[in-house]
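The structure appears below as structure tokens.
The values are calculated or read from the model by the stated rules, or taken from the named source; none is laboratory data. From a predicted model like this one, the values you see are computed outputs, not experimental measurements. Counting neighbours? That spans all protein chains shown, and the Cβs are built from the backbone with ideal geometry, glycine included. The protein model used for the area step is the full one, side chains on, heavy atoms only, and it has no ligands, DNA or RNA in it. Shrake-Rupley method; radii C 1.70, N 1.55, O 1.52, S 1.80 Å.
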Amino acid sequence: MTKQTMKDILNRMLNHEELSREEMKQILVGITQSEYPTEQITALLTALQMRGVTVEELLGFRDGILETGVPALLNADRYIDVVGTGGDRKNTFNISTTSCFVIAGAGYKVAKHGNYAATSVSGASNVIQHHGIKFTDDLDRLNRSLNEAGIVYLHAQLFARAMKFVGPIRKALQFPTIFNLLGPLVNPSQPQCQLLGVANLDQMRLYQQVYQKIGIDYGIVNSIDGYDEISLTGPFKVTTKQYERIFQPQDLGFDIATPDELVGGATEDEAAQIFDAVLENRALPAQKNIVLANAAFGIQVLESGQKSIEECIAIARESIDSGAALRTFKKFAELNS
């Protein structure tokens, strides 16, 4: 596509027109080939954010990122990624990442895809790297980690080459863009299962349609007060292939948490300490419960909805209480340091 074509695209955006999946894919490929000035990419991202992204547009950018990126071919039939869209500005501790080790500790396979924090103190890659773990795209090492520890970590920047072209723009914009929506959809191993946290119900509907088109098993969660995970600070909605339901924390036997109990701290070090405390079973009750809740819904997705959420909570609790989650993390660290 030429720069003139991008001008046409921007004019169509100003007219509130929708772009096709193929057009979006070509734009993404063009971005990776440095075809457009920063100002045009900024304008496109802003216009998409103001108008709202369609399913086809999101899938088009996803196609482009996967096509221009590095695939991660894993030797496992069924594994899950637990991830949030980010951008909820709540600065929570690393709930999704901690939940992944609890799920792996319970004997399931996990391929966690993540990146450095964009709008919080500590993203998944921050807390992983803080523990001395080295990121890799070496397939043998990745598969060894998955097979021996039950979990593999895929640092987005090693795989989604397109992201480095928009990194500085995203940082400068200081608001969520389509790339926040894409993060959960471009796991280079293309997992068969995903638990996704979204910041609002509009996003929940959008991803539900996307997952139906991609054809994977999914759970989408949103805390009604705006957290992009199950926060236990109040009611939360869960949408899966099997059901849509609003839960209260007490429905699952949990107390209501306060926002203060979810905060990830002011530094990466503080966030890492909470991560360690949960796996070592010495966290605040609310911190442990939040991880149990998110891990349990992930386990339910892996089980194709065949286990009740109460059973899945019990499985997650056993993973922490028995020390299995911590042993899993130590094995993972040993293999990846």
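Points worth noting:
- Residue 118 meets the conditions (1) open to solvent by less than 20 Å² (accessible area, probe 1.4 Å); (2) at pLDDT below 95; (3) of a type outside the set (Val, Ile, Thr) in every case but one. The failed one is (1).
- Residue 237, sole failed condition from (1) charged (D, E, K, R); (2) under 16 Å from residue 184 (Cβ atoms); (3) part of a strand (DSSP E or B): (2)
- Contacts under 8 angstrom Cβ, first residue in the range 187-202 being hydroxyl-bearing (Ser, Thr, Tyr), partner open to solvent by less than 10 Å² (accessible area, probe 1.4 Å) and part of a loop (DSSP other than H, G, I, E, B), 6 or more apart: 189/72; 189/79
- Note on the range 126-167: residues that are of a type outside the set (Asp, Glu) and closer than 22 Å to residue 67 by Cα amount to 21.
To keep it simple, each residue is scored yes or no on (1) crowded, with 22+ Cβ neighbours inside 10 Å; (2) in a loop (DSSP other than H, G, I, E, B).
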{"residue": "181", "(1), (2)": "yes, no"}
{"residue": "189", "(1), (2)": "no, yes"}
{"residue": "195", "(1), (2)": "yes, no"}
{"residue": "208", "(1), (2)": "no, no"}
{"residue": "212", "(1), (2)": "no, no"}
{"residue": "222", "(1), (2)": "yes, no"}
{"residue": "232", "(1), (2)": "yes, yes"}
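- Filtering 78, 62, 89 for residues that are on the phi > 0 side of the Ramachandran plot and among the basic types (Lys, Arg) leaves a single hit, 89.
- Restricting 125, 145 to residues that are touching a Gly at 6+ places or on another chain (Cβ under 7 Å), open to solvent by less than 20 Å² (accessible area, probe 1.4 Å) and assigned to a helix (DSSP H, G or I) narrows the list to 125.
- Within the range 237-249, the set of residues being closer than 21 Å to residue 303 by Cα and open to solvent by less than 20 Å² (accessible area, probe 1.4 Å) comprises 238, 239, 240, 247.
- Every pair of residues 6+ apart whose Cβ atoms lie under 6 Å, when the first sits in the range 308-331 and is aliphatic (A, V, I, L, M) while the second is not in a helix (DSSP H, G or I): 315/106; 320/281; 326/280
- Qualifying residue in the range 290-308 (condition: open to solvent by less than 10 Å² (accessible area, probe 1.4 Å), touching an Asp or Glu at 6+ places or on another chain (Cβ under 8 Å), modelled with pLDDT of 95 or more and within 21 Å of residue 260 (Cα to Cα)): yes
- In the range 2-37, the residues that are polar (S, T, N, Q), assigned to a helix (DSSP H, G or I) and open to solvent by 80 Å² or more (accessible area, probe 1.4 Å): 4
- Pairs where the first residue, in the range 265-292, is of a type in the set (Asp, Glu) and the second is open to solvent by 30 Å² or more (accessible area, probe 1.4 Å) and not in a helix (DSSP H, G or I), C-beta under 7 Å, 6+ apart: 268/121
- When residues of the range 148-179 are limited to those that are touching a residue at least 40 places away in the same chain (Cβ under 8 Å) and of a type in the set (D, E, K, R), the one surrounded by the most Cβ atoms within 10 Å (Cβ to Cβ): 170
- Picking from residues in the range 93-142 that are touching a Leu at 6+ places or on another chain (Cβ under 7 Å) and of a type in the set (A, V, I, L, M), the one that is nearest to residue 195 (Cα to Cα) is 111.
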